[in-house]
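See structure below.
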Amino acid sequence: MRKSNRFLHILSFYFFLLLIVFGFMAQVAHAQKKVTSPQEFFGFELGSDRKIARWDKIVEYYKLLENESDKLKVIDMGPSTMGNPFLLVIISSPENLANLDRLREVNAKISDPRGIPESEIKKLVIEGKAVVCQSMSLHATEIGGTQMAPELTYDLVTRSDEETLRILSNVVFFLIPSFNPDGQIMVTDWYRKTVGTEYEGAGLPWLYHKYVGHDNNRDGDFLNMIESVYAAKIMYRDWIPQAYIDHHHMGSYGARFYVPPYCDPIRPYADPLIWREISWYGAHIAYKLEEAGKAGILNDAQFPGWGHFGWHWITPFHNIAGMLTESASARLATPLYIHPEQLRGGARQFPDYEAQSSFPNPWLGGWWRLRDIVEQKKISAWALLDLAARNKETVLWNAYLKAKRQTERGAKGKPTAYVIPAAQHDSLTAVRMVNTLLLSGIEIKKARNDFTVDGVIYPEGSFLISLAQPKMGLIRNLLGQTHYADNAWTRGRDGSPLRPYDLATHNMNEFMGVRVDPINGAVNGDFQVLTGKVPVSGKVETDGSGYVLDGRLNDSFKAVNLLLDRGISIRRIDKARTGVHPGDFIVSSGPKAVLEDVAKITGVDFKALKSEPKEGTHKVKRMRFGMYHRYWGGNMDEGWTRFLLEQFSFPYTSLMDAEIKKGDLIKKYDVIILPDDLTGMITGEIPPRYRRRLSAVPPEYRSGIGKVGVEAVKAFVENGGTLVTLGGACSFAIDKFGLNVRNSVANTSSKEFFCPGSTLKATFDNKHPLAYGMPSEGLVLFRSSMVFEITPGQNNEDYKTVVRYIDRDILRSGWLIGEEHLSNKAAMVCAKVGKGQVILIGFRTQHRCQTHGTFKLLFNALIR
């Protein structure tokens, strides 16, 4: 028996030994498993002259790498706008990838440490890993990032040196290899089509995104595009990275490579550690580039810390060290030769192309290639990972400090919170805003009962946003009144104001027309923390002779469009009476199932109408309308407007040059929209500053309606059509129609008048059909817009002012110099021309699908 037991022990020992050996051999075999290099897979070195890897092949390569290496995980976040895969690639050690759920939990507690003892945080800092995110080629013609990404990934999963192993061990790297897959495919296909022709390297004739083109980097706050929603899920909620870089290109004739930090001014309300971290990371990146012998590296210049609310500029207010790089561009993948005398400075804090402390090693000119861009981007991307890996615990501890200190500032400062009252002019838009803020990871509470604060009673269903939370700085910028800096950093030597990088304010509720109250007093009440999207579902009341839809709701227009699509007749109220307002919609009858479906889709209530008005109404007609669509690289305002119309179920036609020139437009259209544009870009008389670049495209992509088209548009209006002109396109109408209207700020200097992207106070004539559903007073977004003055003429009665600026204290948020030039001036004018009309909307009524508060001024022209 003893011998038998001894034999079993010996057998067990050798069996265990065999398992160890086989396990070791399996690990060795896996370690020795060949990982395919980018050059082997694509057939060329990425960044080679006249070669671009297409997105479908890049996706295929990442899936191959996932099979060949245990150091990366590929996640398809979902389809892009046009149905292509949007990838997230997570790169780290096999141990970290196997432990992602726990690491995410640790990261979440460090990023929001409320209620967690500091002693526990210290343990989490030791346990956790630095989280770094980098995104590539958001702007699809800036191709270097996406071309670099596979090479960076290959190096990370195949190198076995100490530096690489430290990165894999201490960092969880979130790589977005293309922020714009649709545009990457468009640009690649266009380039391949033109290689070897005289148009090689020319820009894409249309937008490099279905809707928004370059403006996809203006969507980090409103999150309108699905790609933005994916990125927000990664960075704002699921993981809060400690550092983020968005890799871009810039013009060809300045520095070779901009790297962090930003220059002044900086936007307020970020934790000071953010700006120190950006400088810290940027110094290491610049150091590594100089170490590698790269010339022309610029930092602390050109790009200010107060910019738009795209990805790299909004992330600092999520307590992420958000940064960008900007490589000098080649001609896509075609080399560009640059003479020394062609190199220029002239940007912010980079006055001349000569050595300075932030630009110690000027590039001297010569050939500039895509491969140069790939190499410098890879060095910068690696340097960020390297510094985070070397200082993992410092990075995580500072993430804790930022969150803790921002929460403390919010609790001690004024205001202490914001309330979004349940009672709103457009309650559904208020809910839309709340749901957008939730996508940014902001904590919002909903009142279960009425509560009182600062002497105001707020009803059940109101929302409370405390500033005592880590994203205090984001909340202050999105919901608080803001004024752009006016100081030495924002003025030239002669005192002229320097234009902000995009807008001077990004106040969400002011854009959306939502009332938000700042509060300072203590809040006591019964609140529920929102854990998901606030649902909206309209109700259909049944105890009346018909139904009324509130014309103050933007979503009522969507409901009307859906009802018209189903053949249901609708009337509109023109005169106020008890319980209804001018602009409200009346539905006399319809199948209950259809009405309930529309109410569910839109959130609009079908309120019972006790008796249908006998007079003061008219039958609703949905206008047949087209919108001008040109080439010349596309028009972002046109793309955004298309997106807006689709969101509210407006059917439209894109009008191209040939159809306009053909004439007889009144047979097919009731309304034509000209999006914000220069007159020359509409007519084809290209302004000189654009001529050389835009003429480098094939003739079939050179847009312009020409004189024939101008006459066709004029005939369309004379015969009863409506021309709606937005922003700069108003100049086309004023000039070509000879209207008795002038832009009163057209010839003022910036010292006299300056208003770059600000919210201004205005009055709305809401008895006029074009302003139905609007409040009597509100805000409009002014972005170097037109200001109208109706000049004396024989037919003054043919001109109506629909929107007018108030007389004083006009600025709400942003920057305004020369208020007197706006006082009591017209902002929107309707002019009768022949049997038709021209509508001039000088301000940004539908800007980037963000200015919900003024959407109705466009919608009313399309549904009458």
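Helices from the chain with mean Kyte-Doolittle at least 0.0 and a Cα length along the axis of 27 Å or more, per DSSP H: which?
Those that pass (Cα extent of 27 Å or more, hydropathy at least 0.0) are 2-32, 370-390.
Take segment 593-748, drop everything but the C-alpha atoms, weight them equally and run the Debye formula without solvent; then report log10 I(q)/I(0) at 0.10 Å⁻¹ to two decimals.
-0.48
Between segment 39-94 and segment 819-864, how far is it from one alpha carbon centroid to the other, in angstrom?
46 Å
Cut-off 12 Å, label point 7 angstrom out along Cα-to-Cβ of Thr578: give me the residues of segment 603-634 whose amide nitrogen falls inside.
Only 610-611 pass the distance filter.
Just how much of Leu152 is accessible, in Å², when a 1.4 Å probe is used and the result is rounded to the nearest 10?
Its heavy atoms expose roughly 0 Å² to the probe.
Output needed: percent of Cα pairs per 10 Å distance bin for segment 193-316, bins running from 0 to the one holding the longest distance.
Final binned percentages: 11, 33, 33, 19, 3, 0.
Give me the net charge of Lys539's neighbourhood, meaning all other residues with Cβ under 15 Å from the Cβ of Lys539; Lys, Arg count +1, Asp, Glu -1.
-4
Using Cα-Cα distances under 8 Å and only pairs 6 or more residues apart, what relative contact order does segment 271-322 have, in percent?
Relative contact order here is 44 percent.
Tabulate in residue order the Karplus-calculated ³J(HN,Hα) for segment 311-322, using 6.51 cos²θ - 1.76 cosθ + 1.60 with θ = phi - 60°, rounded to whole Hz; enter x for Gly and Pro.
Ordered by residue, 3J(HN,Hα) equals 5, 6, 9, 8, 4, x, 8, 9, 6, 10, 6, x Hz.
If amide H atoms are built 1.01 Å from N in the plane of the peptide, which residues on other chains or at least 5 residues away come under 5 Å of the amide H of Leu498?
Residues meeting the amide H criterion: Arg491, Gly492.
Whose amide H sits under 5 Å from the amide H of Met250, counting only residues 5 or more places off or on another chain, with H placed in the peptide plane?
The answer is Ser327, Ala328, Ser329.
Which three numbers, in whole Å and largest first, are the semi-axes of the equivalent ellipsoid of the chain derived from its Cα gyration tensor as √(5λ)?
49, 35, 28
Hey, what did the chain get for relative contact order, percent, Cα under 8 Å, at least 6 apart?
10 percent
Please work out how much accessible surface Phe451 shows to a 1.4 Å probe, ignoring ligands, DNA and RNA, in Å² rounded to 10.
10 Å²
Give me the extension gain from His618 to Asp49: residue separation times 0.36 nm, minus the current Cα-Cα distance, reported in nm with one decimal.
198.4 nm
Of the heavy-atom accessible surface of segment 635-731 (probe 1.4 angstrom), what whole percent is carbon and sulfur?
52 percent
Can you tally the net charge around Thr617? Count Lys and Arg as +1, Asp and Glu as -1, for every other residue whose Cβ sits under 11 Å from the Cβ of Thr617.
Overall, the nearby charge balance is +2.
Cα-Cα over 22 Å: which of Lys73/Lys404; Lys404/Lys445; Lys619/Lys736; Lys800/Lys856; Lys558/Lys619; Lys575/Lys667?
Distance filter (> 22 Å) returns Lys73/Lys404; Lys619/Lys736; Lys575/Lys667.
What relative contact order, as a whole-number percentage, does segment 148-239 give when Cα pairs under 8 Å and 6 or more residues apart are counted?
Reported relative contact order: 17 percent.
When the helix-only estimate is applied to the chain (DSSP H runs of n ≥ 4, each -39,500 (n - 2.57), divided by the residue count), what is the mean residue ellipticity at 222 nm, nearest 500 deg cm²/dmol?
Computed ellipticity for the chain at 222 nm equals -10500 deg cm²/dmol.
For the pair Met656 and Glu752, what calculated FRET efficiency results from E = 1/(1 + (r/R0)^6), where r is the Cβ-Cβ distance and R0 = 25 Å, to the nearest 0.05?
Plugging the Cβ-Cβ distance into 1/(1 + (r/R0)^6) gives 0.05.
Could you work out how far the C-alpha centroid of segment 319-341 sits from that of segment 631-665, in angstrom?
Measuring centre to centre over Cα atoms gives 32 Å.
Return the long-range amide H neighbours of His483 (sequence gap of 5 or more, or a different chain), with a cut-off of under 5 Å between placed amide H atoms.
Gly814
Taking the Cα centroid of segment 157-201 and of segment 489-516, what is the distance between the two, rounded to the nearest whole Å?
34 Å
What ranking of Glu700, Glu227 comes out by heavy-atom accessible area, probe 1.4 Å, highest first?
Largest accessible area first, the list is Glu700, Glu227.
Provide the solvent-accessible area of Lys34, counting protein heavy atoms only and rolling a 1.4 Å probe, rounded to the nearest 10 Å².
For Lys34, solvent-accessible area is about 130 Å².
Could you run the Karplus curve 6.51 cos²θ - 1.76 cosθ + 1.60 with θ = phi - 60° over segment 606-615 and give me ³J(HN,Hα) per residue in whole Hz, x for Gly and Pro?
Each residue of segment 606-615 in turn: 9, 7, 5, 9, 5, 8, 6, x, 7, 9 Hz.
For Ser545 and Arg237, calculate 0.36 nm times their separation in residues minus their Cα-Cα distance, and state this gained length in nm to one decimal.
106.1 nm
Which links in Lys662/Lys707; Lys600/Lys668; Lys446/Lys607; Lys109/Lys233; Lys539/Lys767; Lys122/Lys378 stretch past 21 Å when you go from one Cα to the other?
Lys600/Lys668; Lys446/Lys607; Lys539/Lys767; Lys122/Lys378
How large are Rg and Dmax for segment 495-561 when only the alpha carbon atoms are used, in Å?
20.1, 66
The values are calculated or read from the model by the stated rules, or taken from the named source; none is laboratory data. Here the structure is a predicted model, which means the values were calculated and not measured. Here the Cβ is made from the backbone with ideal geometry for all residues, glycine too, and neighbour counts use every protein chain on show. Quick note on the areas: whole protein, heavy atoms, side chains included, nothing else; ligands and nucleic acids left out. Shrake-Rupley method; radii C 1.70, N 1.55, O 1.52, S 1.80 Å.
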